[in-house]
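Asks: Below: one structure in structure tokens.
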Amino acid sequence: KQVEALRRGAADAVSQLSYSEGELQKIIEESPYSSLAAAEEEEARLTEDIARQQRQLDAIKLLQDTLTAKRRGVVESLVQPIRQRATRTLQRIMGSRFSELEIAEDFSAAGVVPRDQTEGVGLPQLSGGEREQVYFAVRLALAEIAFPSGGELVVLDDVFTFTDRGRLARIVQILGEAAERFQIV
């Protein structure tokens, strides 16, 4: 019985020893050194992740800057020919009242520069007929630039409601010339 009791005691002691070793291992793993090592590994991983994401952000910014610069270059290369053609058409309609037409980056009419002035005048300051003529000149210039070989359909719906008869006669002549290249409706 004593031997049996000693064996049970020994088994309990081995079990207690295993439990204590597990607890000791947990304590060792939770020690400041282990925590520090784990924290340093996490910091290194996060630092590498931040660097990778920063490279991605830099690449995206470079791509955006490149596309913006290319777009600006394309727009600038198109705005000048559109401005010249629209100004020429507008001068044929209105005479030499305006020296230049201002074109925005979205290729819309932004204003006109009266003869002998350096400052432009916004479209709201023009009469209804003058605005119609400016819009017509810009649309026709856009058609000429976008479709240099012609043959495309140009639809104009009530665009000359406020245009006087003298200018309307000049517009009809311009439309006749444009009809040689485009289908005018």
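The values are calculated or read from the model by the stated rules, or taken from the named source; none is laboratory data. Computed from a prediction, not measured in an experiment: that's the story for all the values here. Heads up, the Cβs are rebuilt from the backbone with ideal geometry, glycines too, and the neighbour counts pull from every protein chain shown. Keep in mind that these areas ignore ligands, DNA and RNA; they rest on the heavy atoms of the full protein, side chains included. Shrake-Rupley method; radii C 1.70, N 1.55, O 1.52, S 1.80 Å.
Asks: Have a look at Ala38, Ala109, Ala59 and point out the one that is more than 17 Å from the chain's Cα centre (by Cα), open to solvent by less than 70 Å² (accessible area, probe 1.4 Å) and either over 30 Å from Gly166 (Cβ atoms) or basic (Lys, Arg) (or both).
Replies: None of the others qualify; the one that does is Ala38.
Asks: Working carefully through the options Ser96, Ser149, Ser127, find the one that is of a type outside the set (A, V, I, L, M, F, W, C) and within 30 Å of Gly73 (Cβ to Cβ). Step through it out loud before you land on a result.
Replies: Numbers: Ser96 fails: within 30 Å of Gly73 (Cβ to Cβ); Ser127 fails: within 30 Å of Gly73 (Cβ to Cβ).
So the residue among Ser96, Ser149, Ser127 that is of a type outside the set (A, V, I, L, M, F, W, C) and within 30 Å of Gly73 (Cβ to Cβ) is Ser149.
Asks: Based on what the data block shows, is Asp158 free of Cβ contacts under 8 Å to residues at least 12 places away in the same chain, surrounded by fewer than 17 Cβ atoms within 10 Å (Cβ to Cβ), under 17 Å from Gln84 (Cα atoms) and not small (Gly, Ala, Ser)?
Replies: On the way: free of Cβ contacts under 8 Å to residues at least 12 places away in the same chain: yes; surrounded by fewer than 17 Cβ atoms within 10 Å (Cβ to Cβ): yes; under 17 Å from Gln84 (Cα atoms): no; not small (Gly, Ala, Ser): yes.
So Asp158 does not fit the description; no.
Asks: Failed condition for Val185, given (1) surrounded by 12 or more Cβ atoms within 10 Å (Cβ to Cβ); (2) in contact with an Asp or Glu (Cβ under 9 Å, 6 or more places away or on another chain), with all others met?
Replies: Just one mismatch for Val185, condition (1).
Asks: Let me ask another. Any residue in segment 62-78 that is closer than 30 Å to Ile174 by Cα and among the β-branched types (Val, Ile, Thr)? Don't jump to the end; show me each part of the working.
Replies: Residues of segment 62-78 closer than 30 Å to Ile174 by Cα: 74-78.
Within this subset, residues satisfying the condition of being among the β-branched types (Val, Ile, Thr) are 74-75.
Looking for residues that are closer than 30 Å to Ile174 by Cα and among the β-branched types (Val, Ile, Thr), one finds at least one in segment 62-78, hence yes.
Asks: Given the structure, is Glu130 more than 32 Å from the chain's Cα centre (by Cα), within 20 Å of Ile103 (Cβ to Cβ), surrounded by 17 or more Cβ atoms within 10 Å (Cβ to Cβ) and not small (Gly, Ala, Ser)?
Replies: On the way: more than 32 Å from the chain's Cα centre (by Cα): yes; within 20 Å of Ile103 (Cβ to Cβ): yes; surrounded by 17 or more Cβ atoms within 10 Å (Cβ to Cβ): yes; not small (Gly, Ala, Ser): yes.
Considered against the rule, which asks whether it is more than 32 Å from the chain's Cα centre (by Cα), within 20 Å of Ile103 (Cβ to Cβ), surrounded by 17 or more Cβ atoms within 10 Å (Cβ to Cβ) and not small (Gly, Ala, Ser), Glu130 comes out as yes.
Asks: Out of all the residues in segment 80-134, which are assigned to a loop (DSSP other than H, G, I, E, B), aliphatic (A, V, I, L, M) and closer than 23 Å to Asp158 by Cα? It would help to see each step written out before you state the result.
Replies: Step one: filter segment 80-134 for residues assigned to a loop (DSSP other than H, G, I, E, B), giving 95-97, 104-108, 115-120, 126-127.
Going one step further and asking which of them are aliphatic (A, V, I, L, M), we end up with 104, 126.
The answer is Leu126, and nothing else.
Asks: While we're looking at this one, here's another question. Taking the conditions exactly as written (under 22 Å from Ile145 (Cβ atoms) and part of a helix (DSSP H, G or I)), does Arg72 satisfy them or not?
Replies: Numbers: under 22 Å from Ile145 (Cβ atoms): yes; part of a helix (DSSP H, G or I): yes.
Spelling it out, Arg72 is indeed under 22 Å from Ile145 (Cβ atoms) and part of a helix (DSSP H, G or I).
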